[in-house]
1. So how far, in whole Å, is the C-alpha centre of the stretch 124-149 from the one of the stretch 179-199?
2. Hey, with R₀ at 35 Å, roughly what FRET efficiency would I114 and N44 work out to, going by the Cβ-Cβ distance, to 0.05?
3. Give the share of C-alpha pairs in each 10 angstrom bin for the stretch 112-153, from 0 to the last occupied bin, in whole percents, shortest bins first.
4. Please tell me which of these pairs span more than 18 angstrom C-alpha to C-alpha: K39/K125; K76/K177; K58/K96; K35/K194; K35/K71; K58/K177?
5. Can you give the relative contact order of the stretch 1-132 as a percent, counting alpha carbon pairs under 8 Å and 6+ residues apart?
6. Under 10 °C and 1.306 mPa s, how fast does the stretch 1-133 diffuse according to Stokes-Einstein, given a Kirkwood radius computed over C-alpha pairs? Answer in µm²/s, whole number.
7. Where Rh is the Kirkwood radius over the Cα pairs of the stretch 158-226, the temperature 4 °C and the viscosity 1.567 mPa s, what D in µm²/s does Stokes-Einstein return?
8. Which values of log₁₀ I(q)/I(0), to two decimal places, follow from the Debye formula for the stretch 63-153 at q = 0.19, 0.22, 0.23, 0.26 Å⁻¹ with a uniform point scatterer at every Cα?
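The numbers here are math on the coordinates, done by the rules we state, and not lab data. In this text the structure is predicted, and so the values were computed from the model without any measurement. Quick reminder, even Gly has a Cβ in these numbers, built from the backbone with ideal geometry, and neighbours come from all protein chains shown.
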Amino acid sequence: IVHTEHQKKELQTDKNFSKLTINVLPLGVDVEKFKPLPKKVQDNQIDLLFVGRISRLKQIELAIETVAILKEKMAKEISLEIIGPISDQAYFEELKELIEQFNIKANVSFLGTIKQERLIPYFQKSDLLLLPSAHESFGMVIVEAMACGTPVAALKGAGGPDEIIENGYNGVLTTKKDFANSVLQLISSEESLKQFRINSRISAEEKWSIAQTIYGFKRSIKSALR
């Protein structure tokens, strides 16, 4: 059992697994616990969020550069909250220097580690989750955000995001070069953002809920017992 089609394909290239039955079982989110709240309407604030380890692999600098571009091009207050443990101190210091260079210290907050159950209000209030990681095995924060009605911006080819995010429907899949502009394009349209919120919740309920995980487990067990 693996969590993504990408992982399945990788295992199928290994002679030890190539002849085995490999089932894809997504990590389900509790959609009764992770659920939307009414979003603010037509105000002057854009709330962005990053959740994950502060590690070079996560490419958080792209999220910071995005804030700088949005601040320059939008007549709105831009806020980015970064939640997660520091696993690379040198990289963390580089990010703080980058924030100083862009003069966006007032726009970016490092909140440290927050327990999963306390993450829900952050997902609920955010307009968009930024996940510019170079690689994500699944990306649990994606389905948690989507269940809260928060779309996600991620990179093509990163793994899990390619299978969870439907570009132009419940989020954005883009390139490293176009990341900031893709985010700008989405949040510039309140109507598009509103529809993406609705679609994100629908996707979480229909494809990434615990109910789907249970169904997948039952199907795998029945298959094994035949």
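1. A separation of 14 Å, based on Cα centres.
2. Efficiency at R0 = 35 Å is approximately 0.85.
3. 28, 57, 14
4. Those over the limit are K76/K177; K35/K71.
5. 29
6. Value of D from the Cα-based Kirkwood radius: 92 µm²/s.
7. My calculation gives 92 µm²/s for D.
8. -1.03, -1.33, -1.40, -1.51
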